[in-house]
Amino acid sequence: MKFSLIVHASPFSAQTSSTAYRYAKCLLEEGHQIFRIFYYGDGVLVANQQIAPPQDETNLLTSWQLLAKTHNLDLVVCIAAAVKRGVLDDNEAQRYDKKNANLALGFELSGLGQLAEAIAASDRVITFGN
Amino acid sequence: MTLHVINKTPQNKSLYLNMLNGLSSGDAILLIEDAVYSALEAHQSLFKALSPDDIQLSALEADIQARGLEDKLSPRFSSVNDQGFVKLSCEHDKIVSWY
Amino acid sequence: MIDKKSILIINQSAPYGSSKARESLDVALTCSIFEMPVSLLFIGDGLYQLINNQSPDALNMKKHEAMLSALPMYDIEKIYITEEDLESIGLTENDLAMPVTLIQRDAIASLIQQNDSVLTF
């Protein structure tokens, strides 16, 4: 079955982002397809490559990146939500005259249209919110 | 048929009320994260209006274990693992998250 | 190109205090631009979004009421609240910023059934 996930929770202050990751991993292990994962609201914070959690804590960013690489996942970060939270790709860094881009590898910034498309194209849509 | 996924403690009464109002016969409720506390016997009044033949009640195993609730849950709830979560998602034609 | 899947957005968040109400509206407008039929249900704290006479100037925030009033221009006309919720906060339809469809609480289940996909904010 074709799934899309909406991740709408901060990876730092809620368990939800980690639940979403476990769910995505299990979907793939069970042979399902993930059309897209759309990060929205504080959910976009996981796509900051500067994230450096303490060694005894899981790094959700690298977990998502590895999963995406293995399964060629489409990880889309809401551009409006990301830019206002300082998560920028090269284009946006240039546009807003910021020194560095910090969008992590494997993620892409795009608009809410990608969410609408994911809803239309998937058999199931599940929101992980907090 | 809808899978209702809720992740807040039973203290969030109006969230539970809204979810219960959204239930149709054949729907299922899955408690995840902090919502697994709602599976304690002491909170079963939340679900008293539901007939067990009508609405399937489950709670996510990893969250139950993490919170020390494994031997403390109401028998109305079955424990499901992550595969069970995925299976419930497939068996119902949409998923509503209450958070 | 895009299937016209119908979407129900359930709003349970009050405006101003959090960004959820804004984020929800942005999704509603986008889905509508993509010609997906959108219904909005405001329940619980979500009902506060619809109260009239909002004046957030001193907060330096956008007026939520004004954004809501743009909904009909985006062909979003299915806006639901429950009679029970309205009564429970001691207000009437005259206190609301826009015309809405009043339903009974037990009709929420059929709204969920009727739509292909349900999002919550």
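The values are calculated or read from the model by the stated rules, or taken from the named source; none is laboratory data. Nothing here was measured: the structure is a model prediction, and the numbers come from that model. Note: ideal-geometry Cβ built from the backbone for every residue, glycine included; neighbour counts use all protein chains shown. Just so you know, the surface numbers come from the protein's heavy atoms only, side chains and all, with ligands and any DNA or RNA stripped out. Shrake-Rupley method; radii C 1.70, N 1.55, O 1.52, S 1.80 Å.
Each Cα pair under 8 Å and six or more residues apart adds its separation to the average, and for chain B the resulting relative contact order is 39 percent.
In the protein assembly as shown, the DSSP-assigned H stretches of four residues or longer account for a calculated mean residue ellipticity at 222 nm of -8500 deg cm²/dmol, using -39500 (n - 2.57) per stretch and the full residue count as denominator. Applied to the range A:92-109, the Karplus parametrisation 6.51 cos²θ - 1.76 cosθ + 1.60 on θ = phi - 60° returns per-residue 3J(HN,Hα) values of 6, 4, 5, 4, 9, 6, 9, 4, 10, 7, 9, 5, 5, 4, x, 10, 9, 8 Hz, with x for Gly and Pro.
Accessible area buried by the pairing of C and B, both sides summed with a 1.4 Å probe, works out to roughly 1200 Å². Given an 8 Å cut-off on Cα distances and at least 6 residues of separation, report the relative contact order of chain C as a percent. For chain C, the relative contact order is 36 percent.
A crude spin-label estimate for the pair A:LYS69 and B:SER45, with each label 7 Å from Cα along the Cβ direction, gives 5.3 nm. Neighbouring Cβ atoms from other chains, within 10 Å of the Cβ of residues in A:30-38, number 1 on average. Along the range C:40-47 the Karplus relation, 6.51 cos²θ - 1.76 cosθ + 1.60 evaluated at θ = phi - 60°, assigns HN-Hα couplings of 10, 10, 10, 10, x, 4, x, 4 Hz to successive residues, with x for each Gly and Pro. One Cα centroid belongs to the range C:43-107, the other to the range A:80-118; the line between them spans 32 Å.
Once the C-beta distance of C:ASP75 and A:GLU29 is scaled by a Förster radius of 35 Å, the resulting FRET efficiency is 0.30 to the nearest 0.05. Place a point 7 Å from Cα of C:ASN53 in the direction of its Cβ. Which residues in the range C:65-109 have their backbone N less than 15 Å from it? Correct set: C:90-98.
Each of C:ASP95 and B:GLU70 was given a label point 7 Å from its Cα along the Cα-to-Cβ line. The distance between the two points is 5.0 nm.
Amide H to amide H distances under 5 Å link A:VAL77 with A:TYR39, A:GLU108, A:LEU109, A:SER110, where only residues 5 or more positions off or on other chains count and H is placed in the peptide plane.
For the set A:ILE79, C:ILE33, solvent exposure ranked by accessible area (probe 1.4 Å, protein chains only) runs largest to smallest as C:ILE33, A:ILE79. Contact order, relative form, for the range A:7-64: 42 percent (alpha carbon pairs under 8 Å, 6 or more residues apart, mean separation divided by residue count).
Among A:LEU73, A:LEU28, A:LEU103, the largest mean-square fluctuation in a Gaussian network model of chain A (Cα springs under 10 Å) belongs to A:LEU28. For peptide B:89-95, the mean count of partner chain Cβ atoms within 10 Å of a residue's Cβ comes to 6.
When you work out D = kT/(6 pi eta Rh) for chain A at 4 °C and 1.567 mPa s, using the Kirkwood radius from C-alpha pairs as Rh and the Stokes-Einstein form, the result is 88 µm²/s. Annotation for A:ASN59 and C:GLU87: the two label points, set 7 Å from Cα along the Cα-Cβ direction, are 5.7 nm apart.
What residues have an amide H closer than 5 Å to that of B:SER78, excluding those fewer than 5 places away on the same chain, when H is modeled at 1.01 Å from N in the peptide plane? Hits under the 5 Å cutoff: B:LEU57, B:SER58, B:ALA59. Remark: accessible area buried at the C-A interface is about 1200 Å², both chains counted, probe radius 1.4 Å. Ordering A:HIS8, A:HIS71 by accessible surface, largest first, gives A:HIS71, A:HIS8; the 1.4 Å probe counts only protein heavy atoms, with every chain in place.
Summarising the amide proton neighbourhood of B:LYS8: residues at separation of 5 or more, or on other chains, whose placed amide H is nearer than 5 Å comprise B:ALA35.
Rounded to the nearest whole Hz, the Karplus-based 3J(HN,Hα) values (6.51 cos²θ - 1.76 cosθ + 1.60, θ = phi - 60°) of the range B:82-95 follow the sequence 4, 4, x, 4, 5, 5, 4, 4, 6, 6, 10, 7, 8, 10, with x at glycine and proline. Compared with the alpha-carbon gap, the fully stretched path from A:ALA52 to A:GLN94 is longer by 12.7 nm at 0.36 nm per residue.
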